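Data block below; observations after.
The values are calculated or read from the model by the stated rules, or taken from the named source; none is laboratory data. Note that the structure is predicted; figures quoted are calculated from it, not measured. No Cβ is skipped: glycine too gets one built from the backbone with ideal geometry, and neighbour counts run over all protein chains shown. Side chains are part of the model used for accessible areas, which takes the heavy atoms of the whole protein and leaves out ligands, DNA and RNA. Shrake-Rupley method; radii C 1.70, N 1.55, O 1.52, S 1.80 Å.
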Amino acid sequence: MKQIIIYLKTFAFICILYLLFSACSDEVKNGKPISAKKINLQDGVYIFSSGGNNGIVELQTTVKNGAIFSIDVLQSSEKEGIGGKAIFLISKAAIDSNSINIDGISGATITSSCVKRILKETLLAAGASKKQIQSMPLVLPVPEPDITTYSYDVIVIGAGGAGLTAALTAREKGARVAVLEKNGFAGGNTQISGGALSVPGTDLQMQKGIRDSPEQFIQDIVAGGDNKNDITLIEILTKNALGSYEWLRDNIGVAFQQNHVRQFGGHSVPRTYIPEENSGDAIIRPLLKKCEDLNIDFFYNTKAVKLIRNYEAVNGIIAKNNKTTITFYASRGVILATGGFGANLAMREQYNPNFGKKYKTTCLLSSSGDGITMAQEAGAKIIDMEYIQVYPACNPLNGTISYVANARFDGAVLVNKEGKRFTDEGGRRDVISQAILAQTDGCAYLVWGNEIESIGKMTELHAIEYKNLEKNKLIIKADSLKEAAAFFGIDEKAFSAEIEKFNTFAANKKDTDFNKTGALRKIETGPFFIQKVSPATHHTMGGLAINEKAQVKSADGGFIKGLYAAGEVTGGIHGTNRLGGNAITDIITFGRIAGQNAAE
Ligand code: ADP
């Protein structure tokens, strides 16, 4: 940690500070009670930094009249809706209470600890003793509610993409809606996804001469899911996909990349759209804003633990906020939108021991299968639990999905340590992942040159991830392929011959080794990139069985009245293996169906 004297900061610098967020409490300004006031901190401005989830976080704390007055973010690469929200909430709590003994934000533990480390350094520099800091009162950044019983028409569990869509739809149908979210923020895995959505039959496809239809989409989904898919549900999915895309674009205001339709693995034609900012944030942010504008009530840090079911129907949910138990009654329905169980090791091992410890996960820790467990206890039917998908191109150190590695969709190829290609890089995720795991060290090296980089500009578009990969020696940019290969100890001779051979495939538009799906582009102009990747668990295809109205089926036959589900918590749609871009199509389509039916 470093301390910097700030009095000589330039005006421009101050402007930048204010462009970044500023947490500042009127209560403190107005001299309202400050619990730890007795400490009497030394007035001044203190700047400290520490490592967060995505790199350095640097905060400037102003102490005025002996108390914390304001906290500004000078530097942070934390994800806006997750770590960014944690910085904001903890800073606000510190200002309001003048204590730094603050509970972390659920779901953003690393950033929370980072902020608390910075605040501790700050207070020590401002004259507080370690003992004084230790005896500060514990503060909850998201206060526990005083009321312990609520009644709504519709209760939605989970504020990811499916939950927000369902909540909004139910509200637009006139229902009074509450959303319970166990994390301190909305977004779930949808937020950290690439936000891609697969849709057949768009104008752009027609303009580009791409022939596609819901029927062709069904064929691809069934081929990708090994024929294990629920045909009724995929008919609904494929017929409504275009409507879901248009709803996101026209009603919610999600800006998708113009003129760019991509061919993701397992799709027979290009039909996948990506938001302009290439991230699920671009979907979550406007959805959340719309929900808030329509006065949907959000209960964060509120974990649903048990469905209330009388013998006829589900009519509520018991939840926990810290130590408080809260009962939520729902007169029209409860919608489970709690996501999958990719981060729950015990559950993965229970349903398919092949996906145990050896895999890291791309999921947030909150993907723990709660909705599946709660519904099962209430008599729900579950299906396809053994089908767990691994994503091929992840960060080998922490399992996070790599968006820089999306260069694969523009034509990058995979080689092993021996310098040889070993699979169709545009094939199914499960096939590529298994192939990678079978290589030396269970990892692979993604290779591309400027011909490919200049199309998607992945290293620019995902500059924060790229910087982190560089720092961790997981990617190299070099003027020659030889230099890049040497960095990872890849067999240079075999590698050069392999890329030369691949370039002839690209020239002849035919890959006679692996029949590569999608773009065949040469790799002969620098700068060249090589990125080390390995697979991690990503999506759980199994979950609650639902009918065409998104009602949860009962283990005894029929469905459970009052209980709906949408998104990754459900099973049956994707069969053994979900195709890329189909999760967002699924959560929006079935989120809307669940919201509409529950409200009615
Ligand atoms: P989907 O893609 O299906 O919308 P996400 O992973 O995006 O799934 O979102 C699921 C959300 O549900 C996450 O924000 C997660 O924190 C939340 N969640 C999971 N279990 C619970 C629970 N028991 N109570 C409240 N929220 C939950």
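Can you tell which of 577, 582 is touching a residue at least 40 places away in the same chain (Cβ under 8 Å), closer than 30 Å to residue 397 by Cα and away from the ligand (no atom under 15 Å from the Cβ)? The conditions single out 577.
Among (1) assigned to a helix (DSSP H, G or I); (2) open to solvent by less than 50 Å² (accessible area, probe 1.4 Å); (3) touching a Ser or Thr at 6+ places or on another chain (Cβ under 7 Å), which single condition is residue 533 missing? Going through (1) assigned to a helix (DSSP H, G or I); (2) open to solvent by less than 50 Å² (accessible area, probe 1.4 Å); (3) touching a Ser or Thr at 6+ places or on another chain (Cβ under 7 Å) one by one, residue 533 breaks only (1).
When segment 74-83 is filtered for residues that are surrounded by fewer than 21 Cβ atoms within 10 Å (Cβ to Cβ) and touching a strand residue (DSSP E or B) at 6+ places or on another chain (Cβ under 9 Å), the ones remaining, listed by number, are 74, 75, 77.
A single member of 419, 399, 340 is out of contact with any Asp or Glu (no Cβ under 6 Å at 6 or more places or on another chain) and either surrounded by 20 or more Cβ atoms within 10 Å (Cβ to Cβ) or closer than 30 Å to residue 460 by Cβ (or both), and it is 399. Report yes if residue 534 is under 17 Å from residue 333 (Cα atoms) and either within 14 Å of the ligand (Cβ to nearest atom) or in contact with a strand residue (DSSP E or B) (Cβ under 8 Å, 6 or more places away or on another chain) (or both), otherwise no. Against the criterion (under 17 Å from residue 333 (Cα atoms) and either within 14 Å of the ligand (Cβ to nearest atom) or in contact with a strand residue (DSSP E or B) (Cβ under 8 Å, 6 or more places away or on another chain) (or both)), residue 534 does not qualify. The set of residues in segment 422-454 that are open to solvent by 40 Å² or more (accessible area, probe 1.4 Å), under 19 Å from residue 397 (Cα atoms) and not in a helix (DSSP H, G or I) contains only 438. Count of segment 536-559 residues, restricted to those that are within 13 Å of residue 382 (Cα to Cα) and crowded, with 24+ Cβ neighbours inside 10 Å, is 7.
Residue pairs whose Cβ atoms lie under 7 Å apart, separated by 6 or more positions or on different chains, with the first residue in segment 130-148 and more than 22 Å from residue 89 (Cβ to Cβ) and the second of a type in the set (Ser, Thr, Tyr), are 148/324; 148/325; 148/327. For segment 311-337, a residue qualifies if it is open to solvent by 60 Å² or more (accessible area, probe 1.4 Å), at pLDDT below 95 and either in contact with a strand residue (DSSP E or B) (Cβ under 7 Å, 6 or more places away or on another chain) or within 11 Å of the ligand (Cβ to nearest atom) (or both), and exactly one does: 312. Every listed requirement among (1) out of contact with any Phe, Trp or Tyr (no Cβ under 7 Å at 6 or more places or on another chain); (2) within 16 Å of the ligand (Cβ to nearest atom); (3) open to solvent by less than 50 Å² (accessible area, probe 1.4 Å) is met by residue 133 save one, (2).
Kindly indicate whether residue 593 is within 12 Å of the ligand (Cβ to nearest atom), over 30 Å from residue 470 (Cα atoms) and open to solvent by 10 Å² or more (accessible area, probe 1.4 Å). No, not satisfied.
Here is a yes/no grid of residues against (1) outside the structural domain of residue 566 (by TED's automatic domain parsing); (2) within 23 Å of the chain's Cα centre (by Cα); (3) open to solvent by 10 Å² or more (accessible area, probe 1.4 Å); (4) of a type in the set (Ser, Thr, Tyr):
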residue: 346; (1), (2), (3), (4): no, yes, yes, no
residue: 350; (1), (2), (3), (4): no, no, yes, no
residue: 353; (1), (2), (3), (4): no, no, yes, no
residue: 360; (1), (2), (3), (4): no, yes, yes, no
residue: 364; (1), (2), (3), (4): no, yes, yes, no
residue: 368; (1), (2), (3), (4): no, yes, yes, yes
residue: 379; (1), (2), (3), (4): no, no, yes, no
residue: 382; (1), (2), (3), (4): no, no, yes, no
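Being out of contact with any Cys (no Cβ under 9 Å at 6 or more places or on another chain), open to solvent by 20 Å² or more (accessible area, probe 1.4 Å), within 11 Å of the ligand (Cβ to nearest atom) and basic (Lys, Arg) holds for only one residue in 208, 182, 173, and it is 182.
Given the criterion closer than 22 Å to residue 428 by Cβ and surrounded by 22 or more Cβ atoms within 10 Å (Cβ to Cβ), identify the matching residue among 221, 231.
221
Filtering segment 172-193 to residues that are more than 26 Å from residue 140 (Cβ to Cβ) and under 13 Å from the mean Cα position of the chain (by Cα) leaves 190, 193. The number of residues in segment 143-170 that are within 13 Å of the ligand (Cβ to nearest atom) and either hydroxyl-bearing (Ser, Thr, Tyr) or surrounded by fewer than 24 Cβ atoms within 10 Å (Cβ to Cβ) (or both) comes to 1. Put simply, of 481, 474 the only residue that is over 22 Å from residue 426 (Cβ atoms) and buried (at least 17 other Cβ atoms within 10 Å of the Cβ) is 474.
Filtered by the rule that a residue be hydroxyl-bearing (Ser, Thr, Tyr) and either touching a helix residue (DSSP H, G or I) at 6+ places or on another chain (Cβ under 7 Å) or not assigned by TED's automatic domain parsing to the domain that holds residue 102 (or both), segment 56-69 gives a lone residue, 61.
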